[in-house]
Structures are given as structure tokens and as C-alpha cells.
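Enquirer: Mind having a look at this structure? Questions to follow.
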Amino acid sequence: MTNEIVDTYLSGEQVLARIDELAQAVMALGPFDKPLVVVCVLKGSFMFFSDLVRRVDLPLNCVFLGVSSYGGTTESSGAVRLTHDLTLDIANRDVLVVEDIVDTGLTMSYLLGILQARNPKSLRVCTMLHKPARKKVEVALDLVGFVIDDVFVVGYGLDYDERYRNLPFIGAMRFDDHPAS
Ligand code: 5GP
């Protein structure tokens, strides 16, 4: 039997304090001539997104983009599937993509390609976490919450096999293959 162990990596208080700062940084990007289009990349960024946008005192359009890149494992396949497209035309609009984590960069690079082809006025990225150790492609990140070590994190929207998304903190996950009986 394998036990899943989750150690606190970043507390909920640490995350929220950093989101306060990120919200200020988002506001400093404005003002914009039309509401800023803020893209929530589902599912992992739903919690970060909702905590971020409620602290941004600017006119915003909140839109959702569904992307699936992981199966039930902790290894990136590199394959990205669009599961839900935007319901708004972003041509000539200022756009901020809100992501949970940039790991190899493959997902973000793919997404930015799709969004750039729709001719936004500007396209920026805000990620809660950045794991540079596993970078495969270079992606320009405008706002980064935390640069983290090469650990598999769960919580605050991030899952392992569709569990742990509801944890109110970010945990580092490890597996104990020989739990004491
Ligand atoms: P990338 O394409 O940059 O390798 O990975 C991006 C996606 O992989 C993220 O949006 C996230 O869904 C998933 N991912 C990467 N690293 C982690 C991690 O440490 N924990 C979890 N739960 N998901 C991760």
C-alpha cells in the first residue's frame, strides 16, 4: 500500500499575503481603455483566480479556459487538450492569463500561442507558482507569486488525481511506499 503524505509548503496566510501584492501589481498595469480580460485557466487556477480578482479594483471581464494536461500521474505528458474555450472575443483587448503553476512551460506556451492568434492588444501572464527546475520551453511570465522547488504541490486549486484541490494551503506531496503497519 502507498500512503499519500501532504506537508504544508506555503500556508494559506502566506498565499493570501502574496495575492494582495499581486493584485496591486495587476492594478499598476492599468488603467485600460476597456475592462481587462482576466482568463482563469481551469481547473487548477480557480481558487487563485477568485482570490486575485476580488482584490483587483479595476473593471474586469472574467473568462474561463479549460485545459487538461495531466492524467492521474505527477508527470507532464506535454500533451494539452482544450476542454472549454473562451466565451469572449479578445481581439484588441488587454488580456491577463491567470495560471496555477508553470512547470515545464509547455501548457503556457501552447495557450499563449492560441490566444496570441486571436490578436489581443496585450497578453500577459500571472502565475501563482513557478517551478523553474523542470523548464522545457522559455515562457515570459509577467507576474509570479512564488518560485518553488522541484516538488509536486497540491492544494489551493491544484490536484493529484482530482483530489486535494480544496486544501486552503499549498502542500508538497510525497508517497510512503512502506507505511508502518
Ligand atoms: P507544464 O505544462 O508547465 O509542465 O505544467 C502545467 C500544468 O501541469 C499545470 O497547470 C498543472 O495542471 C500541472 N502541474 C505541473 N506541476 C504540478 C504540480 O507540482 N502539482 C500539480 N498538482 N500540478 C502540476
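Enquirer: Output the number of the condition that A117 fails; it satisfies all remaining conditions of (1) at pLDDT 95 or above; (2) within 12 Å of the ligand (Cβ to nearest atom).
Expert: (2)
Enquirer: To continue, here is another question. Taking the stretch 170-181, which residues are surrounded by fewer than 18 Cβ atoms within 10 Å (Cβ to Cβ) and touching a residue at least 12 places away in the same chain (Cβ under 8 Å)? Before the answer, list the steps.
Expert: Restricting attention to the stretch 170-181, the residues satisfying the condition of being surrounded by fewer than 18 Cβ atoms within 10 Å (Cβ to Cβ) are 172, 174-181.
The answer is A172, R174, F175, D176, D177, P179.
Enquirer: A further question on this structure: Within the stretch 83-114, can you find the residues that are more than 10 Å from the ligand (Cβ to nearest atom) and among the β-branched types (V, I, T)?
Expert: Just the residues of the stretch 83-114 that are more than 10 Å from the ligand (Cβ to nearest atom), to begin with: 83-98, 112-114.
Correct list: T83, T87, I90, V95, V97, V98, I114.
Enquirer: Please find, among L129, L141, L123, the residue that is of a type in the set (A, V, I, L, M, F, W, C), outside any loop (DSSP other than H, G, I, E, B) and either touching a helix residue (DSSP H, G or I) at 6+ places or on another chain (Cβ under 6 Å) or more than 10 Å from the ligand (Cβ to nearest atom) (or both). Lay out the reasoning, then the answer.
Expert: Details: L129 fails: either touching a helix residue (DSSP H, G or I) at 6+ places or on another chain (Cβ under 6 Å) or more than 10 Å from the ligand (Cβ to nearest atom) (or both); L141 fails: outside any loop (DSSP other than H, G, I, E, B).
When all the criteria are applied, what remains is L123.
The values are calculated or read from the model by the stated rules, or taken from the named source; none is laboratory data. Computed from a prediction, not measured in an experiment: that's the story for all the values here. Positions of Cβ are backbone-derived with ideal geometry, glycine not excepted, and every protein chain shown enters the neighbour counts.
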